[in-house]
Amino acid sequence: MIPRYTRPEIGAVWTPQAKMETWLEVELAATEAWAEEGVVPREAAEAARAQGAFTVEAVDEREKVTDHDVAAFVDVVAASVGEHGRWIHYGLTSSDVLDTALALQLRRAGEIVVAGAGAYRDALVERALEQRDTLCVGRTHGVHAEPTTFGLRLAGFAFEADRNLTRLEEAFAHLAFGKLSGAVGTYASIPPAVEARVMERLGLGREDVATQVVPRDRHATLLSAIAIAGSGLERFATEIRNLQKTELREVEEPFAAGQKGSSAMPHKRNPIRTERVTGLARVLRGYAQTGLENVALWHERDISHSGAERVILPDATILIDYMQDLATKVASGMTINAGRMRENLGLTYGALFSQRALTALVESGHSRDDAYRIVQENAQRAWDTRTDFRELLGAAAPDLDLDAVFDYDAYLTHLPEVFARVEALRD
């Protein structure tokens, strides 16, 4: 991923140095497990632990000869150990190292991503509770519907974020599995006991049946969970972008001192953070599609997945981390214009009370269809002619209790029950 979208902590997980350090972690654990089985001399395992080393530059240089990254790595590490270097990579195939090491890298990435998902959820919870009573208009099809509160709207995003947090936790846990079962998973060159020792050392589960690789449904599950989480971030971002339109201006992204919205128009304050989230969510969905296509490999394995994974797994975790951070900052720092929300409630001249008027007319004895026609005619006239709907309805149905119909508080009656559920997310 390009540096622009890479935060330092998660970027460090995916450097060539970090990748090869993880390879070495697996190689040394395997050599020590072999020693415990009595196959590799104990002094060889001790020498490997004490002396095993590499530089990325040396491995890259060696790969020019081997045209195989793991083979080049093994050559460099073996040379660093000296006489006992012949035991490095003993009984292993490349994917034993690669897939097990990848599980370790993803576990480290997962700790960062899951923490970010929790921070985003918590930011939404706090703002939802803060804005629980802030009246605004609800919109369906982009058209004014009925009053709601901005806190309730944010609460929906908070629960979605909580579900995505759970999905991400489960998906990363689903990938905490490695394998050391040889070229086609038969343990012909390495016994299950060695695999068990290595996985215990590394804190990973053992893949029950592997081919040459860990099955890729595990990785597809993670990429799908990341894409779904990205779509949730996009939904929130899209809402903020819409509410920041000049015509609405109910919410605005944070705008830092010294920030410029446009190189040509100094008045502009554009929703650049949420637009960025929206665009990057599309990239995550593409990665998920590639992950699904990587599941079906030929026989015990081909490498059609390999090149793609070198891109999509680092990039997907780096991007979701970056997007979560952006969205958290927007959620925490956005400006909420409650006065403008109240003004916008009046744009239909009271027509948004139409359902309460309909219900009141039915309760007063009108058939539902007659009541609907009365309300529809007068509500649309109010909107079209900029005439107060309450006035028109009063003339059409003089016996109605208009105070009871045109009551904003009626829309808030049951919200304490909903916000009790939001409070529970703090636990």
TODO: Could you please find all residues in the stretch 1-29 being under 14 Å from G85 (Cβ atoms) and hydrophobic (A, V, I, L, M, F, W, C)?
DONE: L24, L28
- [ ] Kindly check whether there is at least one residue in the stretch 316-327 that is farther than 26 Å from T413 by Cα and small (G, A, S).
- [x] yes
Open item on the list: Suppose we filter L102, L92, L98 for residues that are in contact with a Leu (Cβ under 7 Å, 6 or more places away or on another chain), in contact (Cβ under 8 Å) with a residue 60 or more places away in the chain and of a type outside the set (F, W, Y); which single one remains?
Closed with: L92
- [ ] Within the stretch 241-250, track down each residue that is surrounded by 18 or more Cβ atoms within 10 Å (Cβ to Cβ) and under 23 Å from the mean Cα position of the chain (by Cα).
- [x] R241, L243
TODO: Looking for whichever is hydrophobic (A, V, I, L, M, F, W, C) and free of Cβ contacts under 8 Å to residues at least 12 places away in the same chain here; the options are I318, I303, I272. Which one fits?
DONE: I303
Task: So R218, is it of a type in the set (K, R), assigned to a helix (DSSP H, G or I), out of contact with any Cys (no Cβ under 7 Å at 6 or more places or on another chain) and closer than 15 Å to L313 by Cα - done: yes
Open item on the list: Considering only residues that are of a type in the set (S, T, Y) and surrounded by fewer than 19 Cβ atoms within 10 Å (Cβ to Cβ), which ones fall in the stretch 116-147?
Closed with: T140
Open item on the list: Any residue in the stretch 186-210 that is crowded, with 17+ Cβ neighbours inside 10 Å sitting within a Cβ distance under 6 Å of a residue that is of a type in the set (V, I, T) and part of a loop (DSSP other than H, G, I, E, B)? List the pairs, counting only those 6 or more apart or interchain.
Closed with: E207/V214
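FYI, it's all coordinate maths here, none of it is from the lab. Being a predicted model, the structure only gives us computed values, none of them experimental. Glycine also receives a Cβ, built like all others from the backbone with ideal geometry; neighbour counts cover every protein chain displayed.
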